[in-house]
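Beneath this line is the structure, given in structure tokens, with notes to follow.
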Amino acid sequence: MTCLAALLWVICAQLQAADNVADQPIDSLLKSIQAGLFPTRSYHDYERVVRNLKQEDEPEFLSFPSKLVSNDDYAQALHASYLAWALAKKNGSTRYPVASWLNFFKTISQVDPHHPGYERGFAEIASILLCAYMHRHPDDIESAQTILSYLGEVNQFSPVMYDQIWNDIIYPPVYGPTKVFKNTKTLALLMLSEKGKRSTHRLVGLAVPPERMLYRINARDFTLMAVNNGSREDYLSWLDGIEQDLMVTDLSPYFPTSIVTYEDYVRALHWSYVAWALAQSGKPFEAPLMEWLNAALAMVGEAEKEVGANGQRELIARALSAYLYLAPSREGALQALLDAIDQKAMPPLSVLDAEQYKELWREIMCPSEKFLDAPAYEVLFMEMERVSSNDPEKTQYLFSSIMSCLLQAKFGIKQIWSDAAYQKLVRLSNEGLPGTKSAPDGISTIRDMAWWIRIRLYKDSMPMMEALKMEGWRVAPLIKIYTTLLLVSWGLSVVAGMLYLAPRPLPKGGAAVSIVLGGSFLAGMIFVVATLASIGHNNANTTGYLNVLSTATPVYAVFVGILLLYSLYRFFGRTKADPNE
């Protein structure tokens, strides 16, 4: 009987709790409102309240106040909002008119602007109802458009209220209701939409980026791997799928004037990709790309911390690529950019650290980008110290990219570049200039790169004595020197053999052949071993070949020298001993 009574008491208590939920707000909510503590953050309490409720046991009706003046009004509004949210989160749906309640700030007949909950309480009500809306609706463009339009109207009503709602959505507490927005397409689209301040902003056409960019925005993934993992290709194929009537030609309103927050950054990155894709596809558009590049170079604050050096470099690369693509003259665009930097109108490209600077030029130049022509490369080459702000390491990185692109493109710069460019190459080929003896890991010295361009594209020849002074070029001339020494030693070995059998008669026929073959045996073995040492690589391992020659040839030469001296001694000794023979 005792167990039965206890069970009946629990059932009655749950039924009573269900009735109480509909009738009045919970105590913790009332206490927070009476103390003027907004937001009340009552979400945990309401989750506990509805935990044991079945869907059919939900209260059939919840009233929303027509005015927000007293504590009771706020209690009623927050109670309805939290209950609708808790049930929507639990069941995935709710019977209450959440969409209608969201417009409470437009429909209420009376407010008290001096009440502690006037703005913070308003924002809490709206945030909770938006979370209930997200639980009830799919994560798609339509839902994002509804929320975006709503936020625009809220901003017109109260910018302070709007800012609080926006921060709740973009930076949700770990366990708060607004975490329903985390990693959603809706959230990414909201961040791309000028913080939702314009109720007329439409999520169509160019305003909705490729799926992978939406994922990167939510994941805050701006690593080098993410950049190289198809973003450019994504935007080109995405652009082909956008209907012509949804295109916009003036991109000016969409790029932020300054990049301070993370939302500013993702909006800037998206529209930089849009401009780049439009330019590469040959589709007309207008955009102040020099101003965009300036904003990218001057990125500060939260944005810089959130995306790091990789993110800034990616943005600069897209803006710079779009700027150069759109320019009527590539070399003219580069000169204008350098003039703006010189005049302090914008930060220098060398604002990036050395590693990111290297990746910048790798990303915007060949082989991924093929928009620079020979005159543009000449400007970059002639002004590379200026472009790099006279930083030797960054100059080497830029020159390395220029050399790689020139060797791949085969522009025929000998006929196109000026004599001044050639003279600069000759000067950089000399010994003793900065950057001519050492280089960062992974690239050649400036002197080596200058010689590569001269030899491959100008068909110049490097003097042997010059090559012997340069670590990267010493192998070929040293092989030639040791090969010559080996051949001379072999010839002397034949002479030594002849002298050994002299003075008369000189060996003929088979004897002569035996002397030549004998003298050739050791020299031939050296060449065979050197060739074997070069096996095992796609190309001949010239270093291994040289190592054998440089070790064996001097030994062989000394041996031949001793043999020759002995043969001479024997030859002249026999001649004196028997002058009549």
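Quick one: ranking W451, W238 by accessible area, 1.4 Å probe, largest first, what do you get? Mind dumping the intermediate values first?
Values: W451 10, W238 40 Å².
Most to least solvent-accessible, the answer reads W238, W451.
Which FRET efficiency value, to the nearest 0.05, is calculated for D460 and N229 with the Förster distance at 56 angstrom and r the Cβ-Cβ distance?
On the way: r = 41 Å, r/R0 = 0.73.
Taking R0 as 56 Å, the efficiency between D460 and N229 is 0.85.
For a 21 Å ceiling on Cα separation, which of these pairs sit above it: K67/K179; K394/K459; K67/K182; K358/K414; K424/K459?
Details: K67/K179 29 Å; K394/K459 28 Å; K67/K182 32 Å; K358/K414 27 Å; K424/K459 16 Å.
With Cα atoms farther than 21 Å apart: K67/K179; K394/K459; K67/K182; K358/K414.
Let me make sure I get this right: for region 290-400, a, b and c are the square roots of the gyration tensor eigenvalues over alpha carbons, sorted descending. Under 1.5 in a/c it's rounded, otherwise prolate if a/b > b/c, else oblate. Which is it?
Values: a/c = 1.41, a/b = 1.34, b/c = 1.06.
Rounded shape, in that the Cα axes give a/c under 1.5.
Could you sort the peptides 455-465, 116-126 by per-residue average Cβ neighbour count (10 Å cutoff), highest mean leading? Please list the in-between numbers first.
On the way: 455-465: 12.6, 116-126: 22.6.
Ranking the peptides 455-465, 116-126 by packing returns 116-126, 455-465.
As a test question: what accessible area, to the nearest 10 Å², does E291 have when a 1.4 Å probe is rolled over all protein chains in place?
About 130 Å², ignoring ligands and nucleic acids.
For region 206-326, take the alpha-carbon Rg, divide it by the Kirkwood Rh, and send me Rg/Rh. Let's see the in-between values first.
Working: Rg = 13.2 Å, Rh = 14.2 Å.
Radius of gyration over Kirkwood radius for region 206-326 works out to 0.93.
Where the accessible area of region 26-78 is counted over protein heavy atoms with a 1.4 Å probe, how much of it, in %, is carbon and sulfur? List each step's numbers first, then the result.
Details: 1350 of 2980 Å².
Exposed carbon and sulfur together represent 45 percent of the surface.
Give me the net charge of S143's neighbourhood, meaning all other residues with Cβ under 13 Å from the Cβ of S143; Lys, Arg count +1, Asp, Glu -1. Let's see the in-between values first.
On the way: positive: R136, K185; negative: D139, D140, E142.
Local charge sum for S143: -1.
With a 1.4 Å probe and every protein chain kept in, tell me what percent of the accessible surface of region 206-326 is carbon plus sulfur.
Numbers: 2380 of 4580 Å².
After summing per-atom areas, the C and S share lands at 52 percent.
Working out 0.36 nm times the residue gap between T107 and M525, then minus their Cα-Cα distance, what length gain in nm do you get to one decimal?
Extra length available between T107 and M525 comes to 140.5 nm.
Could you point to the residue in H137, P113, W238 farthest towards the positive end of region 98-252's charge dipole, with +1 and -1 charges on the Cβ of Lys/Arg and Asp/Glu respectively?
Highest projection toward the positive end goes to P113.
Testing the spin-label approximation: label points 7 Å from Cα along Cα→Cβ at V495 and E355. State their distance in nm.
If labels sit at V495 and E355, their model points lie 6.0 nm apart.
With the cut-off at 1.5 for a/c, could you classify the chain from its C-alpha gyration tensor as rounded, prolate or oblate? List each step's numbers first, then the result.
Values: a/c = 4.57, a/b = 2.68, b/c = 1.70.
Judged from the Cα gyration tensor, the chain comes out prolate (a/c at least 1.5, a/b above b/c).
Can you compute the charge dipole magnitude of region 66-222 about its Cα centre, using +1 on each Lys and Arg Cβ and -1 on each Asp and Glu Cβ, nothing else charged? Give it in debye, rounded to the nearest 20.
On the way: 17 positive and 14 negative charges, 85 e Å.
Dipole of region 66-222, to the nearest 20 debye: 400 debye.
Using mean Cβ contacts within 10 Å as the protection proxy, how do 242-251, 71-80 order, highest first? Kindly include the intermediate steps, with their values, before the conclusion.
Details: 242-251: 11.8, 71-80: 21.9.
The densest-packed peptide leads the list: 71-80, 242-251.
Which whole-number value in Å² is the accessible area per residue of the chain, probe 1.4 Å?
48 Å²
If each DSSP helix of 4+ residues adds -39,500 (n - 2.57) and the sum is divided by the residues in the chain, what number results at 222 nm, nearest 500 deg cm²/dmol?
Values: 28 runs with 369 residues, N = 581.
Computed mean residue ellipticity for the chain: -20000 deg cm²/dmol.
In debye to the nearest 20, how big a dipole does the chain give about its Cα centre with +1 on each Lys and Arg Cβ and -1 on each Asp and Glu Cβ? Write out the running numbers ahead of the final one.
Values: 52 positive and 60 negative charges, 620 e Å.
Dipole about the Cα centre, nearest 20: 2980 debye.
If each residue of separation counts as 0.36 nm, what is the full-extension length gain between D245 and N52 once their alpha-carbon separation is subtracted?
Numbers: separation 193, 0.36 × 193 = 69.48 nm, distance 5.19 nm.
Value of the extension gain: 64.3 nm.
Using only the Cα atoms of region 31-203, build the gyration tensor, take square roots of its eigenvalues as a ≥ b ≥ c, and label the shape rounded, prolate or oblate: rounded if a/c is under 1.5, else prolate if a/b is larger than b/c, else oblate. Display every interim value, and only then the final one.
Working: a/c = 1.58, a/b = 1.11, b/c = 1.43.
Because a/c hits 1.5 or more and a/b fails to exceed b/c, region 31-203 counts as oblate.
In percent, how large is the relative contact order of region 31-203, given Cα pairs closer than 8 Å and 6 or more residues apart?
Numbers: 205 pairs, mean separation 38.7, N = 173.
Normalised by residue count, the contact order of region 31-203 is 22 percent.
Quick one: 3J(HN,Hα) in Hz for region 53-69, Karplus 6.51/-1.76/1.60 with θ = phi - 60°, rounded, Gly and Pro as x.
Computed from phi, the couplings for region 53-69 are 7, 8, 4, 6, 8, 4, x, 6, 9, 10, 9, 10, x, 8, 9, 10, 10 Hz.
Using protein chains only and a probe of 1.4 angstrom, how many square angstrom of S418 are accessible, to the nearest 10?
50 Å²
Tell me, what is the 1.4 Å probe accessible area of T551, in Å² to the nearest 10?
For T551, the solvent-accessible surface is approximately 90 Å².
With unit charges on the beta carbon (Lys/Arg positive, Asp/Glu negative), name the residue among L53, L293, N228 whose Cα is farthest towards the positive pole of the charge dipole of the chain.
N228
The values are calculated or read from the model by the stated rules, or taken from the named source; none is laboratory data. None of these values were measured; they are calculated from a predicted model. Because the Cβ atoms are built from the backbone with ideal geometry, glycine has one as well, and the counts that use them run over all protein chains shown. Just so you know, the surface numbers come from the protein's heavy atoms only, side chains and all, with ligands and any DNA or RNA stripped out. Shrake-Rupley method; radii C 1.70, N 1.55, O 1.52, S 1.80 Å.
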